[in-house]
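Here is the structure we will look at.
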Amino acid sequence: MTRTERSHSLRALAKDRSEARNGMDTSVPKGGAGAHNWGSLNAEFAIESEAMLDENAEFEDQAAGASELQPNKPTAVRRTSSVTDEDRENAIKVRKNAFKSNGGIDLVEIARSSVAVSGSSCPGVVV
């Protein structure tokens with residue numbers, strides 16, 4: 001008996017494959033919202049509108065918090081360099097002659113001269 005012959009048998013004709021064997025009826029409607037469309041569209045609208053309200057409230061809280069912090073923020077004051085041209089030239093000489101001295105390398109002098117040589121406006125290093 002082939003597959004097509006089996007499907008034409010009396011027993012096969014009596015069996016209705018469109019009915020589920022697990023007891024679930026196919027007439028259970030799904031509302032179209034939520035996980036796997038098991039919710040209703042009205043419930044989805046309510047959830048979405050509440051989410052928008054929460055998001056707007058959070059945005060307003062952040063904006064209010066930012067406006068409160070901004071006036072307290074100090075403005076940056078640019079410092080002028082207190083290093084003169086003479087000090088800068090002396091620092092360059094110290095760095096150039098650091099290896100030539102007989103006593104070895106004086107790291108303290110090099111560190112003191114670093115502020116004069118650099119272009120930053122940092123205060124002097126105290127050792």
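Neighbours of K93 by Cβ distance under 15 Å: Lys/Arg scored +1, Asp/Glu scored -1, total -1.
A simple packing score, the average count of other Cβ atoms within 10 Å per residue, orders the peptides 46-52, 20-26 as 46-52, 20-26, with the highest score first.
Values in this text are rule-based calculations from the coordinates and carry no lab data. Bear in mind the structure is a predicted one, so any value in this text is a computation, not a measurement. Positions of Cβ are backbone-derived with ideal geometry, glycine not excepted, and every protein chain shown enters the neighbour counts.
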